[in-house]
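Every number in this text was worked out from the coordinates using simple rules, so none of it is lab data. Note that the coordinates shown come from a computational prediction; the quantities given were computed from them, not determined experimentally. Please note: Cβ atoms are built from the backbone with ideal geometry, for glycine as well, and neighbour counts cover all protein chains shown.
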Amino acid sequence: MPIKLRKDAERYLLGSIKRFMAENIDEEIGDLKASLLLEFCLREIGPSIYNQAMADAQQYIQDKAADLKYASLFYYFAPGTVIDGGHLDPKALLVYAGMTPAGLRT
């Protein structure tokens, strides 16, 4: 699926390409050449950048979700609720979840 840009973004990028070519390649190019280069970049380079951005965003969300999953447990339990080996007391976990040790809601 080709990447479509908003018109204002496309105009900005065309100007940027033309400026780059003039400053770094010492060649003035027109709108047609700049447009062809932009189209090539979007078609050939764009998908790789998009895929990497999506992978980075997915990893970021997964990391944040993992942090949130147990965050309330760490804030809730005081240091006295641990048993040998530093594990949380299962009864304390049940109370936190609103259950009795028999598994019934309190």
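Each Lys or Arg adds one and each Asp or Glu takes one away; over the other residues whose Cβ falls under 11 Å from the Cβ of Glu28, this sums to 0.
3J(HN,Hα) along the range 35-52, derived from phi through the Karplus expression 6.51 cos²θ - 1.76 cosθ + 1.60 where θ = phi - 60°, amounts to 5, 5, 5, 5, 4, 4, 4, 5, 6, 9, 9, x, x, 5, 5, 4, 4, 5 Hz, with x in place of Gly and Pro. Highest mean first, the peptides 35-45, 20-30 sorted by other C-beta atoms within 10 Å per residue fall in the order 35-45, 20-30. Taking the Cβ of Ile17 as the centre, find all other residues whose Cβ is under 13 Å away and add up their charges (Lys, Arg: +1; Asp, Glu: -1). It works out to a net charge of -2. Stretched out straight at 0.36 nm per residue, the stretch from Met54 to Asp26 would grow longer than its current Cα-Cα span by 6.5 nm.
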